[in-house]
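The values are calculated or read from the model by the stated rules, or taken from the named source; none is laboratory data. Since this is a predicted model, take the numbers as computed values, not measurements. Here the Cβ is made from the backbone with ideal geometry for all residues, glycine too, and neighbour counts use every protein chain on show. Keep in mind that these areas ignore ligands, DNA and RNA; they rest on the heavy atoms of the full protein, side chains included. Shrake-Rupley method; radii C 1.70, N 1.55, O 1.52, S 1.80 Å.
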Amino acid sequence: MKPLKLLNLSMAMLLATSGMAQDRFLTRNGEVKFYSHAPLEDIEAFNDKVLSVIDLNKGKVAVDILIKAFQFEKALMQEHFNENYMESAKYPKSTFKGKFEVPDGLKSMSNGTYPVTVSGDITIHGVTKPLTTRVELVVINGTINTEFSFKVKVKDHDIKIPSVVVRNIAEEVEVTANFKYEPYQR
């Protein structure tokens, strides 16, 4: 093959690959926090073992959260959360898979804020439910940052709360998340 044709073929492959990589963004250390406000006690936990991918070409997002990675102020709370409520040995992660309409400015990765509605399915404790939430995607110099929140009803996911502690745990838990996505590199 002539050197010029080989160079053109190499450039075409490089451009095709880089174009695909810019459509997908990844975070391996997103932050998820939940807060439970109940009459007897407030409970808060933090997790930074979160994997999420956004595909701007398809308008899809996926999130995986390792349940055992939630950190509590009190070790006993963390133990009860994993063993009694979330049964993290049986249900080791929570997932979300959703879709959204990709605004033109986001497709071109122009710096700015892009509000979108994300709809999909969230699986917690082995139970999958639909979830729709508003999310602001903020593009800053080739990265995508986002903060969002939503509420989860404990009973919707078959999480059993013993009657002895029912006043310690809210029926509805507020979940907030903060992700910083970088371009996906294969």
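Worth pointing out:
- Proximal charge balance of Asp64 [Cβ under 12 Å; K/R count +1, D/E count -1]: +4
- Under 18 Å from a label point set 7 Å out along the Cα-to-Cβ vector of Asp23, the amide N atoms of the range 80-117 belong to 98-110.
- Extending 7 Å from the Cα toward the beta-carbon at both Tyr35 and Ala62 defines two label points whose distance is 3.1 nm.
- One compactness figure for the range 63-157 is 1.32, namely its Cα radius of gyration divided by 2.2 N^0.38 Å.
- Å² per residue, accessible surface of the range 92-186 at 1.4 Å: 59
- Portion, in percent, of the accessible area of the range 26-130 that falls on carbon or sulfur, probe 1.4 Å: 51
- 3J(HN,Hα) couplings calculated from phi for the range 154-160 with the Karplus curve 6.51 cos²θ - 1.76 cosθ + 1.60 (θ = phi - 60°) are, in sequence order, 4, 5, 5, 10, 6, 8, 8 Hz; Gly and Pro show x.
- Unsatisfied cross-links (Cα-Cα over 23 Å) in the set Lys49/Lys151; Lys74/Lys160; Lys153/Lys180: Lys153/Lys180
- Model label sites at Asn178 and Phe46, defined 7 Å from Cα along the beta-carbon direction, differ in position by 0.9 nm.
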